[in-house]
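This report refers to the structure that appears directly beneath it.
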Amino acid sequence: MGSDYDFDGGLSSQKVISATGSFTGYHRPIFDLGSGYLSATDKFKQPLCGNKEGWGPMSPSRYDFTPCFIDVWVASVAVFGLFAGSIAIWWLVKKRKPTQLAKDWHFWTKQVLLALIIADVAVQLAIQIINYPNIWYGDFRVWTTALTILSLFVIFTIQWLEHARLRNANGVVLFYWLFLLIALTVKFRSLISQQIYAKNPPYFITYSVGLGLALVEFFFEWLWPKKTNAYEVLVEDGECPVEYATVFSLLTFSWMTPLMKYGYSQFLTEEDLWGLAAKDTTKSTGEAFDDAWQYQLQHRKNPSLWAALFYAYGGPYSLAAFFKIGNDLSAFAQPQLLRLLITFVDSYRDGREPQPVIKGAAIAFGMFALAMTQTTMIHQYFQLAFVTGMRIKGGLTSAIYRKALKLSNEGRSTKTTGDIVNYMAVDAQRLQDLTQFAQQLWSAPFQIFICMFSLYQLVGWSMLAGIGVMLIMIPINGFIARFMKNLQKQQMKNKDARSRLIAEIINNMKSIKLYAWGAAFMNKLNYIRNDLELKNLRRIGAGQAVANFTWSTTPFLVSCSTFAVFVLTNDAPLTTDIVFPALALFNLLTFPLAVLPMVITSIIEASVAVGRLTSYLNAEEIQPDAVVVLPAVEEAGEESVLIRDGTFSWNRHENKTVLNDINFRASKGELACIVGRVGAGKSSLLQSILGDLWKVKGEVRVHGTVAFVSQSSWIMNATVRENIIFGHRYDSNFYEKTVKACALLDDFVQLPDGDETVVGERGISLSGGQKARVALARAVYARADVYLLDDCLSAVDSHVGRHLINNVLGPNGLLRSKTRILATNSIPILIESDCIYLMQDGEIVEKGTYRQLMAMKGLVSEIIKSTGQNDSGSNSQNGSQDGSGSETSTVIEAESSLEKDEFEEAQEGVSALQAIRPGPGSSSANVKRRADSMATLRRASAASFRGPRGKLHDEEQNPSKTRQAKEHSEQGKVKWSVYAEYAKTSNLVAVSIYLVALVLAQLGGIAGSVWLKSWSDRNTEAGSNPEVGKYIGIYFLLGIGAAALTVVQTLILWIFCSIEASRKLHERMATAIFRSPMSFFDVTPAGRILNRFSSDIYRVDEVLARTFNMLFNNLAKSGFTLVVISVATPAFIALVIPLSAMYIWIQRYYLRTSRELKRLDSVSRSPIYAHFQESLGGISTIRAYRQQSRFENENEWRVDSNLRAFFPSISANRWLAIRLEFIGALVILAAAGFAIVSVTNHSGLTGGMVGLAMSYALQITGSLNWIVRQTVEVETNIVSVERVLEYARLPSEAPEIIHRNRPAVSWPAHGEVEFKNYSTRYREGLDLVLKNITLDIKSHEKIGVVGRTGAGKSSLTLALFRIIEADTGEIDIDGLNTSSIGLLDLRRRLAIIPQDAALFEGSIRDNLDPGHVHDDTELWSVLEHARLKDHVAGMEGGLEAKIHEGGSNLSQGQRQLVSLARAMLTPSNILVLDEATAAVDVQTDALLQTTLRSPLFANRTIITVAHRINTILDSDRVVVLDKGEVAEFDTPQNLIKKQGMFYSLVKEAGLDTE
């Protein structure tokens, strides 16, 4: 620009130019300054321009553009209108459907205004033609006006069309008006400067009117909202406003404002959130990913997850790149303007020619405009990146879930439940986070390149010194990054190990308490936590400090070396207009340099995640053709299940088979029983029919639908009714029949809310028998064709077993017309069965009817004889609980139309249930006949997903007793006490040292800049570079000092504050969890506790310190910036207050809403994982019922409800940032503007001072933004501290040891137990489970406890161990009140074999003796007594042999034996057996009973809670419980004579009552 006015006009014309260079262009006396807009020559001097001043661009006689050049701006807007407008018209006509919408006055006003503007421009055109008589047809100015008219017509058309087709103003129109106004305003100033108002008033007036009208029209189109009522008909509730926001609203995120306002005035809840945009729902993202992944699988040998993700979600993400480029370019234009500004300021020094004010103003406005452009660009980029991340998360979550339902055993064996949940929680999250960084891969080098180029313009080749330094630093940074990455990997491993351990501890808490193993497990946990995890974290902290040092010194070393080389090689002085733009550029350099290593680590982490996910998504699925599913058979007696020559294996890669040469068939209407010892392969046979096993050879056919009851019942965390209905239609008649047949009515009466009772996770609030019956009821309700029942009688009492046989399973039961295949050892049902198969070592050795087999005198008859025909159902398990080791194969989707009313077979001659409603295609006559015949159970309508399970909204209206407490999410501000507590745990001294180091480091930085300023000022005055050594040396020292202080601050923060705090917090929480009473675990889902231990602890470990650090850094930085600007231009101080007020106001708005959104996001996250974990536990069941799609929908619904909170919470960040950066831009404008005002009034402000102030002002936007961002981050992450503290303060159970009152070493020597008027309840607010129990048990007595399900048998044992505490009364053991001693002392001295044998991942030794107090000989001897010695000796490693998660590689019977062995290790005179033999087959049971009656146990008091009455007939005395009270207590013989309750129980079990 400088050269444009160096013409030879002498001083006077220079003065005139300065005069016309005023801000408005207005100047008094009127004299001819060059040729104005309306003047023309006779012929063209330059092409297309008939004006004497030509194309310019600067006018020779005014500080202004030439008249021809001024119109270039207007013309370009017109061309934009024509092109973009035509595209918009095409889009409106083709893509949008018009609605019937009346054209209201608002519409007409807008169009009339536009018509007036067109008329106005036409008048201008006429005036132009009159004024350019000879050349108008070829003059650019005329063409511009004509183009403008055309473009206005295009805009008119768009506004006409959009009225009925869009709910918002069209983007092209809005931009057109905005640009047009800017161009016209510039032209307006030019017209004033040419004094057209005096020369041609008609034109000037016409022009001004046109400008005014355009302004009104623009505001009309943009700010006047359309009437919405016409649209409300079309609006579904809960749609997302982003779908119909205007362009400006999208760019500034104003569509978020209503939510921000609402969130400010009241706490947001789930209901206040908008729905998701259609493209963002998990359904559509899941499908997109699925298509892409299928494509990869089909077209590539090793499919790439990267490619699939890009193919599915890459579109908007690529668009983000354009925004990024725009942002980068405008960022690097700022230093160029800064240089101009410094030159401008310098031109006012004494003896220089000052530049016109308008130039300074233009520079200031330019800086403001650039800052705004940068802001809008970067946030569009961020928004697109986050939305892509959100879609990736949704798509992957849905893919991971779908895959989990298809995994085969091999696929599953290597991955525990925890691992698979981790894929969803951690790996998908990693990929989501990557979207924020991935673009930096090209952007960072691009930024570095532009930066280098700009530096070259400033300092020439000296910049190579800087590049050299950077090149040296890059490998150093790379090395640090690699070192950190290995540590991170190690950290992940430790975290996994800790999560797994915690999960096991929580799941098996009851056993840990019963065995008093708390200390042993606490040590295990502390070892992983303190010795592995935190040690590693310390290393990470040190690494972080080194990394910070190299990062913070790089830009400084770069500038230092560049300036040094410049000064030493150049004669030209190093002046302010070089130093400060160069500094600004170096500051911009820090970002790409700091971000590159982060990007690389992030990409490496993501590629680890991609590797894990790819291997998971490629893991083996169940064999699709393992089972052939055919339509249901019609007639009774037709074969509905067939296995021909089947050989099956758990693992397709091993040649170890579980079942060999199986030939098995079952027909409609028949009951087939499979018997055999523990581990003979009964469960495996059922699983082979389900398709869960790998079929080596042979064929399996199943006709019709299947219902499956697994051995360990899988119960969902929902109401009992939801568990039974299991997604089918609710049909009250049949539901009642089912419930009655499954003997659940009594239980419903006992449950606090009947069948609306919510059972906790894994059915925690039901007893074993209730769970089994609920699972059976689910099967019955499903009205399937084939029933596979894995020993569903073992968990229920004998009389209930009898009831189930009569009403459900037997020849007169509800299922009589179905195919029933039952794995069992229960004798009563064998007698009723149609066919019996005996399994041994995976083969069928005998088959036939009961009578044939009894006559054969083979193995079956031996089994039956050995139990003396008096047994009511024992049970066995072949190596797998549902979902732990056994996965289902072959999923055949039910063709799930919502209605699946096909008719089912009619079986003549049996009176039966009425068809609930005839299916389609049945004539009425047919119906009539069927009414009398067997209209068997109509199939249940296919399961469909109708909204979520456990409706999430009615919790307030009916506060039922058993609803799990909704996860407590504190509302409102996190309390200061939490911060104080965190600071205290972090060690206050360390914190204060840290803060001092921080402030000093910042001061060092500023001192460096001030030193540079004084150096460059000195150089400018001297015109050369004096005293180089002194200046560079001091500059260097200041920089390195500041960097060294940052290292100190990082080290102190990590090693002394953060890690200390997180060690203490984790320890406190873990201790509290171990000490919590059992009732806490009954009401708290495991997922919730796990969440605190995994994600909350992770935040306290790794995120919190980092956020605090950034927050404090930026606070210091912004504070110092404001000080520096205020020193340079004191007027700025006046602005500090209103700007701060605005800042705080915006921030408060944001904080409230954002905090709630973040909370909603984290609260809605746990249900996803809980549901996922639950589904993983019940995969066999879900697949057997073919309900995968319903569970997938449920999963999608849960993910969506999380994303509904996540999307506004990220948009809120953008909303905030745009507003804050606007404040930042105002700071830049103010700093520049005040500098210009101050200089033009000759205050003597130097270029150096302005440069210093501006180079800081340019950084302030970043800092301001970070401050709020980090305050929120700190708030969200401190919530984790709050949640950890909440668990650390959980009420604990009684103390472990009471020192004043410790029992004698030999206690309980006699083993006498006395209950004195004892009552108890599970927890506050529930009914009593035991009422006024009074019993005295003599030394060495063998006592049996019997009673119907739910009578309180198990509660008795829990009371003995004080898992539940007394309400009234006491229990004395050897005359010592158990409530008076510590829990540890009590539990250590009692032995128990609990109902559910809990096994832990680890070796056999760890499982028997986690505290490692016994030696090998002891362990082998108890294993021998427990009949496990051979099995253990056969496993690899003997005592060190691995046991999988949950003990899944032992059968249920073997697990029970392990707990028997544990009981023998406890040197106690009292042994409690809780239904211990429920899962053991008859022979093993006999052995056990012998062991228990052997001399080993002769001198112990044994209390047996029995399921099978025959196990306690030889007890010394029997307690009969009924509804929590003692009904009878005497010897078995007397009780039978009494003919009371015991007698009826014995009778029902079919035992002799002689």
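A few comments on the model shown:
- Accessible area of residue 1507 (1.4 Å probe, protein heavy atoms only, ligands and nucleic acids ignored): about 20 Å².
- Couplings for the range 637-651, taken from phi via the Karplus curve 6.51 cos²θ - 1.76 cosθ + 1.60 with θ = phi - 60°, read x, 6, 6, 10, 9, 9, 10, 10, 6, x, 10, 10, 9, 6, 9 Hz in order; Gly and Pro are left as x.
- Label-point gap, in nm, between residue 1021 and residue 112 - each point 7 angstrom along Cα→Cβ: 6.9 nm
- Structural descriptor for the chain: relative contact order 12 percent, calculated from alpha carbon pairs under 8 angstrom and at least 6 residues apart.
- Computed FRET value (nearest 0.05) for residue 93 with residue 1326, which takes r as the C-beta separation and R₀ as 60 Å: 0.30
- Within the accessible area of the range 1323-1418 (1.4 Å probe), percent carbon and sulfur: 48 percent
- Sites residue 733 and residue 843, calculated FRET efficiency, Cβ-Cβ separation with R0 60 Å, nearest 0.05: 0.85
- Computed over the alpha-carbon pairs of the chain, the distance histogram in 20 Å steps reads 8, 28, 29, 19, 11, 4, 0 percent, short to long.
- Solvent exposure of residue 264, expressed as accessible area, is near 50 Å², computed with a probe of 1.4 Å over the protein chains only.
- Gain in span if fully extended, residue 1134 to residue 365, counting 0.36 nm per residue against the direct Cα distance: 274.8 nm
- Highest to lowest packing among 565-574, 1508-1517, scored as the average C-beta count within 10 Å: 1508-1517, 565-574
- Value of Rg to Rh for the range 1202-1254, rounded to two decimals, is 1.37; Kirkwood radius and Rg both from alpha-carbon coordinates.
- Surface exposure of the range 629-753, expressed per residue as accessible area with a 1.4 Å probe, stands at 36 Å².
- Theoretical FRET efficiency, 1/(1+(r/R0)^6), r = Cβ-Cβ of residue 353 and residue 76, R0 22 Å, to 0.05: 0.10
- Lone cysteines, the chain (no partner Cβ under 4.7 Å): 240, 451, 560, 673, 742, 792, 835, 1057
- Bridges between two residues of the chain, per DSSP, are antiparallel at a rate of about 55%.
- Spatial separation of Cα centroids for the range 1429-1473 and the range 1193-1222, in angstrom: 50 Å
- Gap separating the Cα centres of the range 1089-1116 and the range 1484-1554, nearest whole Å: 58 Å
- Annotation: residue 1142 carries an accessible surface of approximately 70 Å², with a 1.4 Å probe and no ligand, DNA or RNA atoms counted.
- Computed from the Cα positions only, the extents of the range 721-843 along the three principal axes stand at 44, 27, 26 Å, in decreasing order.
- Full extension of the segment from residue 530 to residue 1142, taken as 0.36 nm per residue of separation minus the current Cα-Cα distance, would add 215.7 nm.
- Share, in percent, of DSSP beta bridges within the range 1407-1540 that are antiparallel, nearest 5: 50 percent
- Whole-number percent relative contact order across the range 1022-1169, with pairs defined as alpha carbons under 8 Å at least 6 apart: 29 percent
- Over the Cα atoms of the range 174-313, the radius of gyration divided by the Kirkwood radius equals 1.23; this is the Rg/Rh ratio.
- Whole-Å distance, taken between Cα centres, linking the range 1233-1259 and the range 759-773: 76 Å
The values are calculated or read from the model by the stated rules, or taken from the named source; none is laboratory data. Fair warning: this is a prediction, and the values are worked out from it, not measured in the lab. Glycine gets a Cβ as well: all are built from the backbone with ideal geometry, and neighbour counts include every protein chain shown. When the accessible area is computed, the model is the full protein with side chains, heavy atoms only, and any ligands, DNA or RNA have been set aside. Shrake-Rupley method; radii C 1.70, N 1.55, O 1.52, S 1.80 Å.
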